[in-house]
Amino acid sequence: MKIAFFHELSFGGARRVCDEYGKILAKNHTVDLYYVDEQEDKSAQKIFTNSFFFQFIPKEQKKGQWQKRLYKDTLELFHLAKLHKKIAEKIDAGNYDFVFVHPSKFTQAPFLLRFVKTPKIYFCQEPLRIVYDDFLRRLPKVSLPKRIYERGIRRLRKSIDAQNIAHANVLLANSKFSKQQIKIAYQKFARVCYLGVDITLFRPLPLRKQYDILFLGQALPIEGYDLLENAVRFFKKRPKIKIIERGNDGISITDEELVAAYNKAKVVVCLSRNEPFGLTIIEAMSCGVPVIAVKEGGFLESVVNGKTGLLVNRNPKKLYLILEKLLNDAKLRDMMGKNGREDVLKNWTWEKSVARFLKIVASHTLYYSNEAKRS
């Protein structure tokens, strides 16, 4: 097959999905990447058959600069749409079997979906959360004019996202939870295609445990950091906590440093609110480290409670009790760590994820072939 990939993502889970799929598919197919970013990504040339870079530099906005905020919410999106139309024309001229579209850091569902004529598969990692998520869509406590402006802009972004996603031929979801959220938000059916982990990179290492708890994410309520802080207050002696912020907005670390961090932790906690899937869970399990996660979102699908990790309600006292139990029982941690690694090898590799993807592609192609025959 000849496949086009598209994304405009900062480094993170969604971009890792794009790169990992590219690595595997490019072994047997022509896979060209079209991407929008501020700077060219040299690593893309090593992954994809060809990579085509389109520069887009958004304006920086500081607090109080309402003119720039207005520009970013209007004209900047207009210029981005024009760029996507140009990219769509190049993709259509490439005679691809389909284009595999990944999310946009600017609009969630990218403008490309509405412009490209080539059949498109969109991996919807999550709906636009500032619109559809009960926690994130709460308006900030600001003056009335600012609240009116924020409400209007969110309506605009909701409209853009909905119009873009309506043009996808096939929707993929990273979990059953995400599939349900997509149905609620867009009234569209999505096929579940679970994600994976690089088992050769994320693996157990003979490193000394240096901290009790590893927390990946920003120290914000949406990440569940408030739950962790409230839970550790019950300890007579505060456990040693390592916090790693991933992505462009946090502390940048290499994959090797991340793997080492997993292996140096006794327990990894995942407490994000309504996390669509969460690569942290399976990365930790692949490193042989037990996980504790809240009973929400995609965590319910990746953690085998009592075997590969422990699930807990969003309650500080209950989280404390589970943390205390696991931190004081080395044998239980070892057992769950081994079980987690085995579960990843069996169910959560990128190869298995891509195999699911290709099966969905094949069934979709067959569907359209049958439709063509009937007509």
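The values are calculated or read from the model by the stated rules, or taken from the named source; none is laboratory data. Being a predicted model, the structure only gives us computed values, none of them experimental. Please note: Cβ atoms are built from the backbone with ideal geometry, for glycine as well, and neighbour counts cover all protein chains shown.
Miscellaneous remarks
- Taking region 312-342 as the range and being in contact with a Leu (Cβ under 7 Å, 6 or more places away or on another chain) and surrounded by 16 or more Cβ atoms within 10 Å (Cβ to Cβ) as the test, the residues that pass are V312, P316, L319, I322, L326, R333.
- The residues of region 230-239 that are surrounded by 13 or more Cβ atoms within 10 Å (Cβ to Cβ) and of a type outside the set (S, T, N, Q), listed by number, are A231, V232, F234, F235, P239.
- Between A260, A284, the distinction of being in a helix (DSSP H, G or I), over 22 Å from V232 (Cα atoms) and at pLDDT 95 or above belongs to A260 only.
- Residue list for region 96-142, filter: hydrophobic (A, V, I, L, M, F, W, C) and either touching a Ser or Thr at 6+ places or on another chain (Cβ under 6 Å) or outside the structural domain of A168 (by TED's automatic domain parsing) (or both): V99
- For region 118-130, residues that are assigned to a loop (DSSP other than H, G, I, E, B) and within 26 Å of L156 (Cβ to Cβ) total 5.
- Qualifying residue in region 315-325 (condition: among the β-branched types (V, I, T) and more than 16 Å from A231 (Cβ to Cβ)): no
- Looking at region 9-111, the helices (runs of 4 or more DSSP H) lying wholly inside it that each contain 1 or more residues that are farther than 22 Å from F277 by Cβ sit at 44-47, 66-73, 75-93.
- Hey, A168 in a helix (DSSP H, G or I) and crowded, with 17+ Cβ neighbours inside 10 Å or not: no
- Considering residues of region 63-121 that are touching a strand residue (DSSP E or B) at 6+ places or on another chain (Cβ under 8 Å) and small (G, A, S) only, the residue surrounded by the most Cβ atoms within 10 Å (Cβ to Cβ): A109
- Test: residue in region 15-32 that is under 24 Å from C193 (Cβ atoms), among the hydroxyl-bearing types (S, T, Y), surrounded by fewer than 23 Cβ atoms within 10 Å (Cβ to Cβ) and touching an Asp or Glu at 6+ places or on another chain (Cβ under 9 Å): no
- Once region 122-159 is narrowed to residues that are touching a strand residue (DSSP E or B) at 6+ places or on another chain (Cβ under 7 Å) and in contact (Cβ under 8 Å) with a residue 60 or more places away in the chain, the residue that is surrounded by the fewest Cβ atoms within 10 Å (Cβ to Cβ) is Q125.
- Search result, residues across region 278-314 that are out of contact with any helix residue (DSSP H, G or I) (no Cβ under 8 Å at 6 or more places or on another chain) and either more than 15 Å from N263 (Cα to Cα) or of a type in the set (D, E) (or both): K295, E296, N305, G306, N313
- Some residue of region 322-334 being in the same structural domain as R238 (by TED's automatic domain parsing), closer than 21 Å to L214 by Cβ, in contact (Cβ under 8 Å) with a residue 24 or more places away in the chain and among the β-branched types (V, I, T): yes
- Matching residues in region 182-205 - criterion: being crowded, with 22+ Cβ neighbours inside 10 Å and more than 18 Å from S363 (Cβ to Cβ): I182, L195, G196, V197, F202
- Residues that are part of a helix (DSSP H, G or I) and touching a strand residue (DSSP E or B) at 6+ places or on another chain (Cβ under 9 Å) within region 340-352 comprise G340, V344, W350, listed in sequence order.
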